[in-house]
1. Residue B:117: net charge of surrounding residues, Cβ under 14 Å, Lys/Arg +1, Asp/Glu -1, itself excluded?
2. If a helix is a whole DSSP H run, which ones in chain B reach 27 Å or further along their own axis (Cα) and hold a mean Kyte-Doolittle hydropathy of at least 1.0?
3. Counting DSSP beta bridges with both partners in the stretch A:135-240, what percentage is antiparallel, nearest 5?
4. Quick one: of the DSSP bridges fully inside chain A, what percent are antiparallel, nearest 5?
5. Could you please report the charge total around residue B:145, scoring K, R as +1 and D, E as -1 over all other residues with beta-carbon less than 14 angstrom from its beta-carbon?
6. Arrange A:18, A:249 by Cβ neighbour counts within 10 Å, fewest through most, would you?
7. For helix A:151-163, report the angle its Cα long axis makes with the longest principal axis of the Cα atoms of chain A; keep it between 0 and 90° and round to the nearest 10°.
8. As a footprinting exposure proxy, order B:26, A:106 by other Cβ within 10 Å, with the fewest listed first.
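Since every read-out is calculated from the coordinates, none of them should be taken as a lab result. Source: prediction; values computed, not measured. In this analysis, Cβ positions are derived from the backbone assuming ideal geometry, glycine residues included, and neighbour counts consider all displayed protein chains.
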Amino acid sequence: MSISIPSKDVKIELKKVHKRFGKKIVLHDLSLTIPKGKSLVVIGGSGSGKSVMLKCILGIIRPEKGSIKVDGKDVTRLSGSDREKILTKFGMLFQNAALFDSLPVWENVAFGLIQGRHMKRKDAKEIAMEKLGRVGLTSEVGDLYPAELSGGMQKRVGLARAIATDPEIIFFDEPTTGLDPIMADVINDLIVDSVRDLGATALSITHDMASARKIADYMAMIYKGEIIWAGTREEVDNSGNEYVDQFIHGRADGPIQMDILKP
Amino acid sequence: MNPLAIIGNVVITTVNETGRLSLFTWTAIAHIVRPPLYWRLIGQQMMRIGYFSLPVVALTSFFTGGVLALQIYYGGDQFNSESIVATIVALGITRELGPVLGGLMVAGRASAAIAAELGTMRVTEQIDALTTLATNPFKYLVVPRVVAAVITLPALVFVGDVIGIFGGFVVGTQSLDFNSGVYVKNTVDFLDTDDITSGLIKSSIFGFIIAVMGCYQGFHSKGGAQGVGRATTNAVVTSSILILAANYVMTSLFFSS
């Protein structure tokens, strides 16, 4: 299921993407379009295929079938320098920040500038410090190592790293997981501000509905590797889809059954 | 379970693993010969793999040289031992014991460290993060470690050779009452350049094995802390076995004629 938008406004398009690990089908002919300059949030339970979908777009995992187009160019079979070139368009905030623990914070933020864009370290450090300031961190934090930071600070450093290269596309993988509600809202605000300031296209995956409502222009729901519903943020409460209704209201009863052992 | 199924499973797993390792090694070599190289990272890895392994290799070599001198003296012809001990210690250390023991020591230290570091990076998505930052993980993580190990292992083993021969000299002159001048003369007279270079070529290959196995196991680790632990153990075990096997092959190639 796709959001109906004119083709010239499509930034990323997934068509019938299929991925399996052994016998388990993780993505089942998944189709999704992501509008240019908008924020799309994909909601769905654990194990529904959200992270695999992101990794397929980034080329970390290669799907068996289907096409993934970025700016109209099929990226599913790209390798080497062609892939690296496409990846310069992307920034990503990982679920657990995935900061390089052997590097100080400023070098984490500047990494994409130094390695990906071959910028001088001194210039890259200046930009890194500016980006840290944008996510509310002082320049002293720049010289610390990731292990010395709290979870919320690590997330903010991860966000600074994601926006450091002024990417056209930003992915957010469970941006608020593991944070207290106040810090989660701070991160949500930073995401909204960063995406708006950069004019970037954002794709987020989450099962935190408060976060989804705050950062989304559009929402889609993934279930068992398929997009079962897509629409605007306002439409999600009247989707007419019983799976979406059960998920957004967090009900145990409904068509989505959890695989748990009952006594 | 059906015994045939067990055998089939083992064969499939072995072939699968060999294929993956071959592909990994080939990709590493392809990235080594294709610029650019991260020289700053290669320098860092040379310090970690080479310089910081120096104490353990030096101690191992010193005591091995000493023990070798004692064993040759007690086990051989004690009346003619002054020339034999010096010669066999020098040949034994430079041709075999220096590179093999040096390789095994570095395998235990560096291969484990590489597997643990890369394994942790894998399970905490740091390797995926590298990809999203338009940086090839092979070029950034694997190549510097492999190049550093291939360069530093021969240097490390050369120092180990000198210290090992010195260990034999100390035991020979202090414990067995050999004349120091005669000991040095016998060592120099019987030691050929080929003895030293064959050991250094071997150690370079061992360096390659150590780094590739450490990187391979780390890159393919999964399952959290337990997976990283398993990768570390596998890196040490597989690199040690491959070092011993490669040593046999190279010895038969170098000295068969």
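1. Working: positive: B:48, B:109, B:122, B:145; negative: A:101.
Net charge in that neighbourhood comes out at +3.
2. Working: long enough: B:3-33 (45 Å, 1.07); B:54-75 (31 Å, 1.38); B:143-170 (40 Å, 1.96); B:193-219 (39 Å, 0.89); B:224-255 (46 Å, 0.97).
Membrane-span-like by this criterion, though nothing is claimed about a membrane: B:3-33, B:54-75, B:143-170.
3. 55
4. Working: 21 of 39 bridges.
In chain A, DSSP labels about 55 percent of beta bridges as antiparallel.
5. Details: positive: B:40, B:48, B:109, B:139; negative: B:117.
Taking every Cβ under 14 Å from that of residue B:145, the sum is +3.
6. Details: A:18 16, A:249 10.
So the residues, fewest neighbours to most, are A:249, A:18.
7. Result, in degrees: 80.
8. Details: B:26 10, A:106 24.
If I rank by nearby Cβ atoms, fewest first, I get B:26, A:106.
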